[in-house]
Amino acid sequence: SERHEISTERPRIFNTVNAQSDSLTVVFIIGEALRPSNLHINGYRRENTPNIEQLGVISFDSVWSDYVYTNRSVPHILTRADDSHPNRAYTERSFIDVFNEAGFNTIFIGNQDAEKPYAYFTKEAQTNIFVNLSKGVYNYDKWLDEDILPVYQKELAKNNKQQLFVLHTIGSHWWYNVHYSDSFEIYKPVMKSRIVASCDSMEIVNSYDNTVAYTDWFISQIIEPLKNLNAICIFLSDHGEALGENGQWLHASESTMMNWTAAFVWMSDNYKQKHPYFYQNINHNQHQFYKTDFLFHSVIDAADIQTDILDTTF
């Protein structure tokens, strides 16, 4: 019932685009299955986000995704799709195309295969790179987001004045144990079975929280080389994850814990000086309720791009 005709050719949706900054780096990280309630930065009991807290990342703790699996949520996030216009995810281009027109060098780096519902958007980027193409949901070898880092660092070292990075991570996807390196096996005991029903609930939570600690470190590695630039980094997970609430586990079914999703914003000192209003605004609004619809408009606004399709009411 949720099948859609996915357009292979999509016209541009804007009439005008104008970049206001001549030197700016924007990084957007698409998270995976990261729920806000298991983050220390949001008040969780375990100290599993020390790096982003030290970096001054601002967490938005009340963000809701209408969709609880990647193939529906990612197209919704990248496009102008919203409650009133959900089909825009399948007929319109993403914000990457806006950045292209604004003169940005656009780079998409994926640590998940580009599935049909969002493969179109990856090709909008001028540079399109996938790591771990041999990995899949039935492959239980280590599958780590740190494999994105060498590619990211190489592209960043090119010192393009205007650049957009879109990084699609594997994050906290099941099977949790393969998505963090051995040094991040902090909370024990961890899962011993790949079958949820065969696992102790605390072991599942321990393994999940290890992915959170690893993601915290990964985000810090993305931010560190941006410190001396005019730069902003935005993180938004595609959806959350259920960890036993009302007998529900993982995602892609019916549970509100799958809808609540993690979101962060980090700004360099240079960026804050150039855009003090933006910094004040995110501090003021970090506990407001938002849907993931906000991303398309917010990332364009954050990039100091003027276009006729920008809606600042989001």
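Fraction of C-alpha pairs exceeding 25 angstrom in region 136-244: 29 percent, rounded to a whole number.
Return the loop-located GluC sites (Glu not before Pro) in region 206-259 (DSSP other than H, G, I, E, B) with at most 12 other Cβ atoms within 10 Å of their own Cβ; answer none if there are none.
Here the GluC sites (Glu not before Pro) that fit, given the DSSP loop and packing criteria, are 254.
Of the peptides 110-117, 157-164, the order by per-residue mean of other Cβ atoms within 10 Å, starting with the highest, comes out as 110-117, 157-164. Straightening the chain between residue 127 and residue 23 buys 35.5 nm, computed as 0.36 nm per residue apart minus the Cα-Cα spacing. For a straight C-alpha distance cut-off of 18 angstrom, the lysines reachable from residue 227 (same-chain residues fewer than eight places away being disregarded) are 154, 158, 161, 272, 274.
Counting only DSSP H runs of at least 4 residues, each contributing -39500 (n - 2.57), and dividing by the residue count of the chain, the helix-based mean residue ellipticity at 222 nm comes to -8000 deg cm²/dmol.
Three semi-axes describe the equivalent ellipsoid of region 180-229; taken as square roots of 5 times the Cα gyration tensor eigenvalues and ordered largest first, they are 30, 9, 7 Å. Within the accessible area of the chain, the carbon and sulfur atoms contribute 46%, probe 1.4 Å, all protein chains present. Sequence-distant contacts, meaning Cα pairs under 8 Å at least 6 residues apart, place the relative contact order of region 115-204 at 25 percent. Calculate I(q)/I(0) for region 1-127 by the Debye formula, one identical point scatterer on each C-alpha and no solvent, and give its log10 at q = 0.09, 0.10, 0.17 Å⁻¹ to two decimals. Result of the Debye calculation: -0.33, -0.41, -1.06.
Put simply, the amide H of residue 105, placed in the peptide plane, has neighbours under 5 Å in 162, 163, 164, leaving out anything fewer than 5 places away on its chain.
What separates the Cα centres of region 10-28 and region 155-202 is a distance of 31 Å. Its Cα gyration tensor gives the chain an equivalent ellipsoid. The semi-axes, each the square root of 5 times an eigenvalue, are 30, 22, 19 Å from largest down. Using the Stokes-Einstein relation with a Kirkwood hydrodynamic radius computed over Cα pairs, the translational diffusion coefficient of region 166-314 at 25 °C and a viscosity of 0.890 mPa s comes to 140 µm²/s.
If contacts are Cα pairs under 8 angstrom and at least 6 residues apart, what is the relative contact order of the chain in percent?
Working: 621 pairs, mean separation 103.6, N = 314.
Computed value for the chain: 33 percent relative contact order.
On the principal axes of its alpha carbon atoms, region 1-75 extends 47, 45, 17 Å, with the longest extent given first.
Given bins 10 angstrom wide, list per bin the percent of all Cα-Cα distances in region 82-195, short to long. For region 82-195, the pair-distance distribution reads 12, 35, 30, 19, 5, 0.
The values are calculated or read from the model by the stated rules, or taken from the named source; none is laboratory data. What you see is a predicted model; the values in this text were computed from it and never measured. Backbone-built Cβ (ideal geometry, glycine too); neighbour counts: all protein chains shown. Calculation scope for accessible area: heavy atoms of the full protein, side chains included, ligands and nucleic acids excluded. Shrake-Rupley method; radii C 1.70, N 1.55, O 1.52, S 1.80 Å.
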